[in-house]
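Note sheet for the following structure.
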Amino acid sequence: MTTITFIHSDNRSQSVEAADGDSLMLAALTHGVDGIVAECGGNAVCATCHVYVDEAWTAKLDPVSDDEDALLDGTAAERLPNSRLSCQIKVRPALAGLVVRIPDRQS
Ligand code: FES
């Protein structure tokens, strides 16, 4: 289990113990974290699992794939340099303490 902290658009903070190997999106849904819609169920076609990764963590993640990059251009909330799709981030022990912000809208 790896501790991940989600920060909501109203600044509420919610930390969860995520199962290693799950996506960040699945960890959010499993723990009832609001604001991650994930319409496509993690198949990388909807962009409704958008998060902003805390700058301290962006370099520790795998690079953005071409498919993810294309989808990030269609997010409902503004795309920022630290935007990622949470379904494309795999939880692992090296990410213990990861902090991500949830945008104010996903559609
Ligand atoms: S859940 Fe659809 S792109 Fe991530």
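Scanning segment 66-87 for residues that are out of contact with any strand residue (DSSP E or B) (no Cβ under 7 Å at 6 or more places or on another chain) and under 17 Å from Val33 (Cα atoms) returns no hits. Comparison of Val99, Val51, Val33 shows that the only residue that is in contact with a Phe, Trp or Tyr (Cβ under 6 Å, 6 or more places away or on another chain) and modelled with pLDDT of 95 or more is Val33.
The values are calculated or read from the model by the stated rules, or taken from the named source; none is laboratory data. What you see is a predicted model, and the numbers here were worked out from it, not measured in a lab. Reconstructed Cβ throughout: ideal geometry from the backbone, glycine too, with neighbour counts over all protein chains shown.
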